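Laboratory data are not the source of any read-out in this text; all were calculated from the coordinates shown. Keep in mind that this is a model prediction, so the values were computed, not measured. Note that we place each Cβ from the backbone using ideal geometry, even for glycine, and neighbour counts take in every protein chain shown.
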Amino acid sequence: MAQISAKLVKELREKTGAGMMDCKKALAESDGDMEKAIEWLRQKGIMSAGKKEGRIAAEGLVDSYIHTGGRIGVLVEVNCETDFVARREEFQALVRNIAMQIAACPNVEYVKVDDIPAEVAEKEKEIEMGRDDLEGKPDKIKEKIVQGRVDKRLKEISLMPQPYIRDQSITVEELVKQSVAQLGENIQVRRFTRFVLGEGIEKKESNFAEEVAAQTGKK
C-alpha cells in the first residue's frame, strides 16, 4: 500500500472540499492514486457533501421512532436547507433510519465526537491512565495507548461514526453524505433524545424467600 502523506491528503481536500479523514480514507482505498480517490469520493457522495457543509440548514424534520414493545423511544431532529427537500420521501426515510439507528445504539449520547464536552474526554483519559496494564510502560508509549483508547471510546458514544445498522460497510456519517449527494442540500443531524422505559427509576426489589418466611411466621 502506498504511503499517504499529509501533503497528498491536503491536495485532495483542496480539490474536492471533502473532510480530511474522508480524503485520507479515499487515498488509502485508492492506493494513493489521486484520480481514483476523487472517483471514490464521488461514488460515496462525500465530495459534493463536503462542498455543502457550510450552507445553512434550518428546515427539516423532528421525527420519532418507538421500538417494538414500546420500551425504547427516540426523538430526533434532522435539518436540511429547504422545506421542499424536507417533504421528500428520501429525506423522510433518512430521518426514520437515523431514529432507528439511535434506538439500536444504547451507548450513543452525542451526535459527533466534536460535540463531546472537553471534561468528558478528560475524564475518559483519567480512567485510561489508571489502567493496570499500563504500569511500567514509558510515558510516551503510555500516552499513545491512552489516546488511542480515548479516541475509540469517544467514537463509541457518538452517533456519526457508528456502522449503519442496515449496511455495516458504511457509517451513519457516510449515509448522511450519500443523502446530501442525492438530494443536493446540506443535511445535518442536530440533536436527539433516547428514552428507555423505567430508566432512572429506582425499582423496588422484593426478596421472595423473606416474603414466604414472613407469611409462614404469621400463620
Legend entry - Cross-link pairs beyond the 22 Å C-alpha cut-off, checked among Lys24/Lys177; Lys125/Lys155; Lys10/Lys125; Lys15/Lys36; Lys24/Lys152: Lys10/Lys125
Inset, instruction - Name the residue farthest towards the positive end of the dipole of the chain from the options Gln92, Val74, Met21, assuming +1 on Cβ of Lys and Arg, -1 on Cβ of Asp and Glu, about the Cα centre. - result: Gln92
Inset, instruction - Can you tell me the relative contact order of the range 87-172? Whole percent, Cα pairs under 8 Å, sequence separation 6 or more. - result: 36 percent
Inset, instruction - Express the C-alpha Rg of the range 112-206 as a ratio against the empirical globular expectation 2.2 N^0.38 Å, rounded to two decimals. - result: 1.49
Legend entry - Cα-centred dipole magnitude for the chain, charges only on beta-carbon of K, R (+1) and D, E (-1), debye, nearest 20: 140 debye
Legend entry - Cα-based convex hull volume of the range 117-156 per residue, rounded to whole Å³: 60 Å³
Inset, instruction - Divide by every residue of the chain the summed helix terms, -39500 (n - 2.57) for each DSSP H run of at least 4, and state the resulting mean residue ellipticity at 222 nm, rounded to the nearest 500 deg cm²/dmol. - result: -15500 deg cm²/dmol
Inset, instruction - Taking every pair of Cα atoms in the chain, average 1/r, invert it to obtain the Kirkwood radius, and report Rg/Rh to two decimals. - result: 1.12
